[in-house]
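Reading through the structure tokens given below for one structure.
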Amino acid sequence: MMTVSVFPRRKHPRLAVQVFETIRRDIVSGTLAPNSQLSEAELSERLDVSRTPVREALIKLAEDGLVKIVSHVGTFVAPISIESVREAQFIREHVECALVSDACERMDPPALDRLRRNIARQGEAAATGDWVTFLAVDEIFHETLASVAGHPGAWRIIQQSKIHLDRVRLMSFQLPSHMGQVIAQHVMIVDSLERRDEGSARAALRLHLREILVTLERLGLEEEARGPARRRDIR
């Protein structure tokens, strides 16, 4: 007798989703610079797709605030919104500080080992100046904290809210000594978790997550955003 699974087979993402993710990655990484004009024809040719999925992707990116569509003028990469970065930082800090409190209660030797090995990988990437790998491992570090806390779904929520924050994070990892500073902060967080010192763990994490606000000043983004027009974005 032939059996039919009640679970549908997982389909590959639609082409528009793949195009959307590719263009979004290029915007967040800075490959597509703020205020640069986006041509449907050029994107279609580069991605080897028709204009329809590109158009769909650009509309969705505009809804996410990463693209600006100006009627009768063109489509542009949105400038970095300082307000959006600060809002994302606020959300991330409050959710992750709650996570680290639960992680402190559930911390055990295997979890500590995972976090220590992750920090070691960060050190290897920093030693070679590989900020792309460093950022990926950094993401795993924070995802691990959420997993140890027993709330892996919370990390997915954080990821959805921090896309504007990530545009600045990617710039920050290219600053001199920044990776070393991040590693030192991660060590402080894990040391506090090992001692089951919830107060210190939260304080260390809060200091770490507020580093992005210092980065805004180091990169000159805050000053640029306070320009003559007093706009809350990067022109």
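Odds and ends about this structure:
- The range 123-133, residues that are in a loop (DSSP other than H, G, I, E, B) and within 18 Å of the chain's Cα centre (by Cα): 130
- Checked against the criterion of being under 30 Å from residue 64 (Cα atoms), at pLDDT 95 or above and in a helix (DSSP H, G or I), the candidates 120, 201, 136, 146 yield just one match: 146.
- Of the criteria (1) in contact (Cβ under 8 Å) with a residue 24 or more places away in the chain; (2) in contact with a helix residue (DSSP H, G or I) (Cβ under 8 Å, 6 or more places away or on another chain); (3) assigned to a helix (DSSP H, G or I), which one residue 83 fails: (2)
- Of all residues in the range 117-131, those being surrounded by fewer than 18 Cβ atoms within 10 Å (Cβ to Cβ) and polar (S, T, N, Q) number 1.
To keep it simple, each residue is scored yes or no on (1) modelled with pLDDT of 95 or more; (2) assigned to a loop (DSSP other than H, G, I, E, B); (3) out of contact with any strand residue (DSSP E or B) (no Cβ under 6 Å at 6 or more places or on another chain); (4) exposed (fewer than 13 other Cβ atoms within 10 Å of the Cβ).
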| residue | (1), (2), (3), (4) |
| --- | --- |
| 18 | no, no, yes, no |
| 21 | no, no, yes, yes |
| 26 | no, no, yes, no |
| 34 | no, yes, no, no |
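- Screening 54, 100 for residues that are β-branched (Val, Ile, Thr) and farther than 23 Å from residue 179 by Cβ leaves exactly one candidate, 54.
- Taking the listed residues 134, 90, 76, 141, the one that is among the aromatic types (Phe, Trp, Tyr) and buried (at least 21 other Cβ atoms within 10 Å of the Cβ) is 134, with no other qualifying.
- Residue list for the range 47-85, restricted to those being among the charged types (D, E, K, R) and modelled with pLDDT under 95: 48, 51, 55, 56, 60, 63, 64, 83
- Of all the residues in the range 145-202, those that are touching a Lys or Arg at 6+ places or on another chain (Cβ under 8 Å), polar (S, T, N, Q) and surrounded by fewer than 19 Cβ atoms within 10 Å (Cβ to Cβ) number 1.
- Residue in the range 154-168 that is among the small types (Gly, Ala, Ser), modelled with pLDDT under 95 and in the same structural domain as residue 95 (by TED's automatic domain parsing) present: yes
- Test: residue in the range 209-222 that is at pLDDT below 80, part of a loop (DSSP other than H, G, I, E, B) and surrounded by 16 or more Cβ atoms within 10 Å (Cβ to Cβ): yes
- All told, residue 90 meets the bar of being modelled with pLDDT of 95 or more and closer than 22 Å to residue 153 by Cα.
- Flag for residue 92 being of a type outside the set (Asp, Glu) and over 20 Å from the mean Cα position of the chain (by Cα): no
- Of all residues in the range 40-63 being among the hydroxyl-bearing types (Ser, Thr, Tyr) and surrounded by 13 or more Cβ atoms within 10 Å (Cβ to Cβ), the one that is farthest from residue 168 (Cα to Cα): 52
The values are calculated or read from the model by the stated rules, or taken from the named source; none is laboratory data. Computed from a predicted structure; not experimentally measured. All Cβ positions, glycine included, derive from the backbone under ideal geometry; neighbour counts span all protein chains shown.
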